[in-house]
Amino acid sequence: MILLNKKIGGAGFYIVLIIILIATIRFFSPPVNTVEEKTFTQFVQELDSGNIVSVKLQNGVDSIADVKLKDGKTFRTVIPQEAADTFYNDYLKAKNDAGSINVVSTPTKQTSMFLEWIPTFLMLGFLVFFWYRIMQQSGGGSKMNSFGKSKAKLINKEEAKNLVKFKDVAGLEEEKEELSEIVDFLKNPKKFINMGARIPKGVLLVGPPGTGKTYLSKAVAGEAGVPFFIMSGSDFVEMFVGVGASRVRDLFDTAKKNAPCIIFIDEIDAVGRKRGTGLGGGHDEREQTLNQLLVEMDGFGTNEGVIVMAATNRADILDPAILRPGRFDRTVYVGKPDVRARKAILEIHARGKKLADDVDLEIIAKRTPGFTPADLENLMNESALLAARRNDNAISMEDVDEASIKVQAGPAKKSRVVSEKERKLTAVHESGHAIVSRLLPEEDPVHIITIIPRGMAGGFTAYLPEEDISFMTKGKMEASIISLLGGRVAESLVLDDISTGASNDIDRATKIARAMVTHYGMSEKLGPINYDSSENEVFIGRDLGRTQDYSEKTAAEIDAEVAKIINEAYAECKRLLSENLDKLIALSDALLEKETIYSQDFEKIFNGEKLDQDSLDKDESITIKDLSDEAKDIMRRDKDED
């Protein structure tokens, strides 16, 4: 129906165009007047009776006379050729000379046959054009013939030489080593053929978004200096069954003509998902496209010189047939960089940027754990934008720190009006997180605490990991839950009330606790058993047909274990803050004064030292008013013990 409407809409446009053209021709054509015609005898009778005022003669085979009467009426008559000369010379000319009538003689305009046929040719031409367009839209034209052509963008040999090289890719040394064989084969295939080796037909790059999978594939093409076909997985799939398969065939046919070359399919999971996972049958466009891709990759001749590279961040949902040897023989995992790799990446993205003397890329690398290469590029760009906004001559370390916080939490909303009550609550909440984290040896050091709103958060506490870790211990996860609950516990102790600000903290803590029980097998009661089967169920068809892998009794035990972990963490968090209530109050007051506290000042406050500000140099450090009765009892008990 949609296609039919499009055809009708396209045809309607040309119909309207032809109507306008015909109306224009008719408008500019000379008007055709309807004139009464009389015989020559009647004309002579009117002439003899003196009713004629003027006669206008047109020369031709038969002379045509346009006659005007005294009463204003007109008529037309034809003067026979054999009587024309005599009638004009002996009769009309005499009356004209006498002044009784006015006789005018004009030659007849001769229109060429070509001009007469112009309107016909125009109409015929537009009808042919109109029919041609209709045939195109109905599937008989060149547009439909090109519908199944590949949409891949070709980067030829000359353009490939100007692409990035391996030297422009930092932090992926092992990955570059894996792909160097592909480059060697494309440059010197005889070396491998003589040894009887078969170069991998396909290389799958797997990793989180922004880790440089596409960038790395371009570097392979740049190093090899061969044509490079780049296409997204979604470019294959259309609403019409068979179009995607046609595009796959066209892509590989074109690639073979340009061999040696590289085909790069970005986001291959768009077309390479597992088959048979939907609610309907298997004869749909995506599965047909995948089937054709499997056939094309497995149908290569030996060492044809066409290498297929693909990238995805969802390798778990790919069809097993596409991962088997002979198609994608090699899988290269492109993960997030470590601290040394981050420094190398920062050095690349710092090229062309003016850095101040206080900027230390090694420190920046340590402060950005978990950042991908794309994040680091964005960080340096945001730093440059901030420096330009402030009209600085160079990028300072302050610009980099601000950009780092902006990238993670959003820009500071300094213009937002925040009530004093909300500022106190935020100060107490963030102080609770910071103090608890400082007291737990498993937690990372506190880097910054702020009550300035950013993004959706009224404030936040940032940490600076001392080293990159690739796994989490049970003690680390329990410490994280305790730290996450620090804000809620601080609110209940100091303000004798709780707020919705801890909703995200509670959600994260609950997810960690449930993962400990169901996914990581860290519950002593339930044992090392995985009860979490939802991770692999990514399709609606499987979700509807999936049954729970454990009994209702086990589900209740899981809920009880999760609640136990959370409750024990809450109790431990309350104990830690109750024993260090004075530090919590001091940090809250400092936050109300300065709004942002960095690690150096935080350590001073935690150790009971005074900050170098008159506003904070007071004998009584507790300025948070309306302490809860429980907090007052704790403070009074501590004084009695002293």
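Of note:
- Residue count for region 584-603, restricted to those that are surrounded by fewer than 16 Cβ atoms within 10 Å (Cβ to Cβ) and either free of Cβ contacts under 8 Å to residues at least 60 places away in the same chain or part of a loop (DSSP other than H, G, I, E, B) (or both): 3
- Qualifying residue in region 299-315 (condition: over 28 Å from the mean Cα position of the chain (by Cα), assigned by TED's automatic domain parsing to the domain that holds residue 181, without any contact (Cβ under 8 Å) to a residue 40 or more places away in the chain and surrounded by fewer than 19 Cβ atoms within 10 Å (Cβ to Cβ)): yes
- So residue 541, is it under 30 Å from residue 274 (Cα atoms) and modelled with pLDDT of 90 or more: no
- Residues of region 66-121 that are acidic (Asp, Glu), at pLDDT below 75 and surrounded by 11 or more Cβ atoms within 10 Å (Cβ to Cβ): 85 alone.
- Criterion: charged (D, E, K, R) and either exposed (fewer than 15 other Cβ atoms within 10 Å of the Cβ) or at pLDDT 85 or above (or both) - qualifying residue of 367, 286, 342: 342
- Residue 193 falls short on exactly one of the conditions (1) β-branched (Val, Ile, Thr); (2) in a helix (DSSP H, G or I); (3) within 18 Å of residue 165 (Cβ to Cβ), and that condition is (3).
- On the stretch given as region 459-517, residues that are surrounded by fewer than 14 Cβ atoms within 10 Å (Cβ to Cβ), in a loop (DSSP other than H, G, I, E, B) and not aliphatic (A, V, I, L, M) total 6.
- Unmet criterion (only one of (1) at pLDDT below 80; (2) in a helix (DSSP H, G or I); (3) surrounded by fewer than 21 Cβ atoms within 10 Å (Cβ to Cβ); (4) not polar (S, T, N, Q)) for residue 244: (3)
- Answer residue from region 360-404, given it is closer than 22 Å to residue 210 by Cβ and in a loop (DSSP other than H, G, I, E, B) and is nearest to the chain's Cα centre (by Cα) among those: 372
- Pairs where the first residue, in region 199-214, is within 24 Å of residue 298 (Cα to Cα) and the second is aliphatic (A, V, I, L, M) and assigned to a loop (DSSP other than H, G, I, E, B), C-beta under 9 Å, 6+ apart: 205/334; 206/334; 213/334
- Any hit, region 183-193, residues being surrounded by fewer than 23 Cβ atoms within 10 Å (Cβ to Cβ), at positive phi and touching a residue at least 40 places away in the same chain (Cβ under 8 Å): no
- Applying the criterion of being among the acidic types (Asp, Glu) and under 30 Å from residue 168 (Cα atoms) to the residues of region 220-241, the residue that is modelled with the highest pLDDT is 223.
- Taken as a whole, the condition of being more than 24 Å from residue 423 (Cα to Cα) and either acidic (Asp, Glu) or buried (at least 21 other Cβ atoms within 10 Å of the Cβ) (or both) does not apply to residue 560.
The values are calculated or read from the model by the stated rules, or taken from the named source; none is laboratory data. Since we're looking at a predicted model, the values are computed, not measured. Glycine also receives a Cβ, built like all others from the backbone with ideal geometry; neighbour counts cover every protein chain displayed.
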